[in-house]
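K.L.:
Just passing along the structure, written as structure tokens.
The values are calculated or read from the model by the stated rules, or taken from the named source; none is laboratory data. As the structure is a computational prediction, the values presented were derived from the model and not from experiment. So basically every Cβ, Gly included, is an ideal-geometry build from the backbone, and we count neighbours across all protein chains shown. Heads up: the accessible areas ignore ligands, DNA and RNA and are worked out on the full protein's heavy atoms, side chains in. Shrake-Rupley method; radii C 1.70, N 1.55, O 1.52, S 1.80 Å.
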Amino acid sequence: MKILVIGGGGREHALAWKIAQSPKASRVYVAPGNGGTALSPKLENVPLTDVRALREWAQENKIGLTVVGPEAPLAAGVVDEFRAHGLRIFGPTRAAAQLESSKAFSKAFMRRHGIPTADYDTFTDAAAAHAFVDRLGAPIVVKADGLAAGKGVVVAMTTAEAHEAIDFMLLDNQLGVSHNEGGARVVIEQFLEGEEASFIVLCDGKDVVALATSQDHKRLKDGDEGPNTGGMGAYSPAPVVTADVHARAMREVILPTVRGMEKDGIPYTGFLYAGLMIDANGHPKTLEFNCRMGDPETQPILMRLKSDLVDLLAAAVDGKLEQVELQWDRRTALGVVMAAHGYPLQPRKGDAITGLPPEADDAMVFHAGTQLDEDGTLRVSGGRVLCVTALADSVRQAQQRAYDVARGIHFDGAQYRRDIGHRAVKN
């Protein structure tokens, strides 16, 4: 079967890499792909991003299965377009993807269906938003209502930071984000204490299969300092998600979400990512939903997956997830993101990348913001450039292996955290 992966980041490189290992995949295409997928002999890039053009290309090339990586094509209705023309595709419809594409939709949905989350309010008027912050105080969380590539959330530790975020997102709309009805809107919500974890499942509209647990590191700098990013590294499994927390997350968050979407007439198919805050008593609350796998969580999760990913995706598309049981490598996988100079606000592009190691059983470098020049030079083309991912018997050993590889890779201005996995090591 010929398979298409839509997207061009590290998550998509990992998905395509894993799919290509399946004997059922005769050819794997990535649209538009990146420098890493261009370098792989098992993958082929397709320079398309337009929804209709992708659908036409999939029809012409008799693609048997398509999987969507990033959020933007989902919000643009790529699943609706493919399904309308009889093509098999894994992902949520445009309406279902509102769980991610609109923070206000998501919060209202959770409130309506009794899914634990932080108290909140929604604003289009800056003066009202400022007054709300003055009334509640800090710490407080300000979120842009729309897709902002992981940069639309400010955890304000002071009211001054919150006011600045409101002006940035709402008054000036510096992120250029519009919610589903047009214009800028923010969600302001209660700050939650605890430890964050990524809980990712596959849904076929009715049934759910949980992937391995993982934990992301959002802040740019060591010790969880600096600005929020799209993610600077991740590891799997996440010790904070104990068997009890896992059961609670399924019972209180995931299953009510799938049932709620079905009840609302918007059956959910695709990856569903619940960002959870787990308090000291092991009670999870939902920080956000994403309608795709996380990046960089995908990379360590798929390093640990022993089952055939094509079988899993096909079962999800065909509504047969109840028949699936996944096999996992018992070892820890840990990924370190190497980011461009100036990331996250003004990443510099064009720097040459050298020192990439060959693929190994216990280490893989997944590409995100890279592109291959006509002369074969690999260059930085985005903010998060590479995710160096390693597999080992413990978190500490996986750290050591990943950082050994990262130290051998060079591009000017490269920045990466030196403490990915520190919470698990302390545990």
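K.L.:
Of all the residues that make up region 111-144, how many are β-branched (Val, Ile, Thr), within 24 Å of residue 183 (Cα to Cα) and assigned to a strand (DSSP E or B)? Talk me through it step by step, then tell me what you get.
P.N.:
Here is the first cut: in region 111-144, the residues β-branched (Val, Ile, Thr) are 115, 117, 122, 124, 133, 140-142.
Now narrow it down to the ones that are within 24 Å of residue 183 (Cα to Cα): 122, 124, 133, 140-142.
After this cut, where a residue has to be assigned to a strand (DSSP E or B) as well, the list is 122, 140-142.
Selection size over region 111-144: 4.
K.L.:
Kindly provide the set of residues from region 56-100 that are within 18 Å of residue 27 (Cβ to Cβ), of a type in the set (S, T, N, Q) and open to solvent by 40 Å² or more (accessible area, probe 1.4 Å), ordered by number.
P.N.:
Of everything in region 56-100, those that are within 18 Å of residue 27 (Cβ to Cβ), of a type in the set (S, T, N, Q) and open to solvent by 40 Å² or more (accessible area, probe 1.4 Å) turn out to be 59, 61.
K.L.:
Select from region 20-55 the residues that are crowded, with 24+ Cβ neighbours inside 10 Å and within 20 Å of residue 83 (Cβ to Cβ) and list them in ascending order. Before the answer, list the steps.
P.N.:
Filtering region 20-55 for residues crowded, with 24+ Cβ neighbours inside 10 Å gives 28, 30-31, 33-37, 54.
Hits for region 20-55 are 31, 54.
K.L.:
When the residues of region 215-259 are filtered to those that are open to solvent by 50 Å² or more (accessible area, probe 1.4 Å) and of a type in the set (Asp, Glu), which remaining residue is nearest to residue 391 (Cα to Cα)?
P.N.:
222
K.L.:
Exactly one of these conditions fails for residue 198: (1) within 21 Å of the chain's Cα centre (by Cα); (2) modelled with pLDDT of 90 or more; (3) surrounded by fewer than 16 Cβ atoms within 10 Å (Cβ to Cβ). Give me its number.
P.N.:
That leaves (3) as the condition not met.
K.L.:
Has region 326-346 got at least one residue that is out of contact with any strand residue (DSSP E or B) (no Cβ under 7 Å at 6 or more places or on another chain), basic (Lys, Arg) and within 27 Å of residue 251 (Cβ to Cβ)?
P.N.:
Within region 326-346, one or more residues are out of contact with any strand residue (DSSP E or B) (no Cβ under 7 Å at 6 or more places or on another chain), basic (Lys, Arg) and within 27 Å of residue 251 (Cβ to Cβ).
K.L.:
Which of the residues spanning region 78-110 are under 29 Å from residue 188 (Cβ atoms), assigned to a loop (DSSP other than H, G, I, E, B) and either at pLDDT 95 or above or out of contact with any His (no Cβ under 9 Å at 6 or more places or on another chain) (or both)?
P.N.:
Taking region 78-110 as the starting set, the residues that turn out to be under 29 Å from residue 188 (Cβ atoms) are 92-110.
Adding the requirement that they be assigned to a loop (DSSP other than H, G, I, E, B) leaves 92-97, 102.
If the condition is that a residue be under 29 Å from residue 188 (Cβ atoms), assigned to a loop (DSSP other than H, G, I, E, B) and either at pLDDT 95 or above or out of contact with any His (no Cβ under 9 Å at 6 or more places or on another chain) (or both), then 92, 93, 94, 95, 96, 97 are the ones that fit.
K.L.:
Counting just the residues of region 283-330 that are β-branched (Val, Ile, Thr) and not in a strand (DSSP E or B), which one comes out surrounded by the most Cβ atoms within 10 Å (Cβ to Cβ)? Before the answer, list the steps.
P.N.:
Looking only at region 283-330, we keep the residues that are β-branched (Val, Ile, Thr), and these are 286, 298, 301, 310, 317, 324.
Pick out the ones that are also not in a strand (DSSP E or B) and you get 298, 301, 310, 317, 324.
Numbers: 298: 32, 301: 28, 310: 22, 317: 19, 324: 16.
This residue is 298.
K.L.:
Across region 331-346, which residue is nearest to residue 312 (Cα to Cα) among those that are outside any loop (DSSP other than H, G, I, E, B) and of a type in the set (Gly, Ala, Ser)?
P.N.:
Start the filter on region 331-346 by keeping residues that are outside any loop (DSSP other than H, G, I, E, B), which leaves 332-339.
Cutting the leftovers down to of a type in the set (Gly, Ala, Ser) gives us 333, 335, 339.
Numbers: 333: 20, 335: 23, 339: 31 Å.
Once the filter is applied, the top-ranked residue is 333.
K.L.:
Count, please, the residues in region 147-180 that happen to be at pLDDT 70 or above, in a loop (DSSP other than H, G, I, E, B) and among the hydroxyl-bearing types (Ser, Thr, Tyr).
P.N.:
Quick first cut of region 147-180, residues at pLDDT 70 or above only: 152-171.
Filter again for in a loop (DSSP other than H, G, I, E, B), leaving 152, 157-158.
Those left that are additionally among the hydroxyl-bearing types (Ser, Thr, Tyr): 158.
Matching residues across region 147-180 total 1.
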